[in-house]
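J.: Encoded as structure tokens, here's the structure I'll be asking about.
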Amino acid sequence: MPSWKLENAEEILKEAPYTFYKPSDTIVNQLIPGEATVKLIFLFDSDNPEVPNAERMWVIMESMDNIGNYLGTLDNDPFYIKDLKAGDLITFRKEHIIDYDTLDELDIEDSLAGMIEKFNKKCLVSNHIMKDGFTVGRLYREEEDYEDYSGWTIMSDHETQEYADDPANFQYISLGKVLNIDDSFIHLLEEPIGSDLVKDSITGKYFLVD
């Protein structure tokens, strides 16, 4: 038995739709064996906390059968997995592919990649949301002081003043990571600087605070 298995990237995409990239089936269907390489996640067990539990590696697509199985060759030697080496044959399916490279550029718009890039800008978010299980209840937008900053601060609206005054209670992370938890405010992210919005606890709708 091999010491590794392939990760089902579709399951990751369900958990992190705003931050995890996986090419669509439409894109994968255009990849031509012999002219494309794909990246897969190889999972393995490790008792060492210093060692990751996966390696992401490129595989050269060689062929595909009529039931959706691909055959390819590993394009590099793993760093951790000892029973794999460059040139080994790998069998995989669409759900395992997390990236691709082709000899010719594909004539198709990659909407998921565009969305992830859009939500890659940073925000300040309360640990009420990121750690304590609260949903988004308030967000306001300030001047964008840094190139990667969206200007948004996102809170549960249950923070005390003392809590909000402590920088340790906030994280500076991508908007996408917050949207993975709660995307109820996604339609508000183009609101102008100075916007201050609060969620109505009964209707779940957001309204502007004067």
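A short reminder: the numbers here are calculations on the coordinates, not readings from a lab. None of the values given here were measured: they were computed from a predicted structure. Methodologically, a virtual Cβ is constructed for each residue, glycine included, from the backbone with ideal geometry; neighbour enumeration extends over all protein chains shown.
J.: So if each residue of separation counts as 0.36 nm, and I subtract the Cα-Cα distance between Asn53 and Glu109, what length gain in nm does that give?
T.: Values: separation 56, 0.36 × 56 = 20.16 nm, distance 3.25 nm.
Difference between extended and current length: 16.9 nm.
J.: Oh, and also: Can you tell me the dipole magnitude for the stretch 81-210 around its Cα centre, using point charges on the Cβ only (Lys, Arg +1; Asp, Glu -1), in Debye to the nearest 20?
T.: The dipole magnitude comes to about 620 debye.
J.: Could I ask something else about it? Would you work out the relative contact order for the stretch 59-163, in percent, from Cα pairs under 8 angstrom that are 6 or more residues apart? Intermediate results must be reported in sequence, preceding the final value.
T.: Details: 125 pairs, mean separation 17.2, N = 105.
RCO, the stretch 59-163: 16 percent.
J.: Follow-up question, since we're still on this one. At a Förster radius of 30 Å, what calculated FRET efficiency corresponds to the Cβ-Cβ distance of Thr135 and Thr160, to the nearest 0.05?
T.: Working: r = 18 Å, r/R0 = 0.59.
That pair, Thr135 with Thr160, gives E of 0.95.
J.: Do the sum for the chain: with -39,500 (n - 2.57) for every DSSP H run of n ≥ 4, divided by all residues, what is the mean residue ellipticity at 222 nm, to the nearest 500 deg cm²/dmol?
T.: -3500 deg cm²/dmol
J.: Further question on the same structure: Taking just the alpha carbons, could you work out the radius of gyration and Dmax for the stretch 1-96, both in angstroms?
T.: 13.8, 41
J.: I want to verify the translational diffusion coefficient of the stretch 85-192 in µm²/s; compute it with Stokes-Einstein, Rh as the Kirkwood radius over Cα pairs, at 4 °C and 1.567 mPa s.
T.: 78
J.: Moving on to the next point. For the chain, what is the convex hull volume of the alpha-carbon atoms per residue, in Å³?
T.: Hull volume over Cα atoms, normalised by residue count, gives 184 Å³.
J.: Under a point spin-label approximation (7 Å from Cα along Cα-to-Cβ), what is the Ala168-Glu62 distance to one decimal in nm?
T.: Inter-label distance under the simple model: 5.6 nm.
J.: While we're here: From Cα pairs below 8 angstrom and at least 6 apart in sequence, can you work out the relative contact order of the chain, rounded to a whole percent?
T.: 19
J.: List every residue whose amide H lies under 5 Å from the amide H of Glu62, counting only residues 5 or more places away in sequence or on a different chain, with H placed 1.01 Å from N in the peptide plane.
T.: Residues meeting the amide H criterion: Gly34, Leu71, Gly72, Thr73.
J.: Answer with one residue from Ile97, Ala9, Ile27: the one whose Cα lies farthest towards the positive end of the charge dipole of the stretch 4-103, charges on Cβ with Lys, Arg +1 and Asp, Glu -1.
T.: Checking the options against the dipole of the stretch 4-103, the answer is Ile27.
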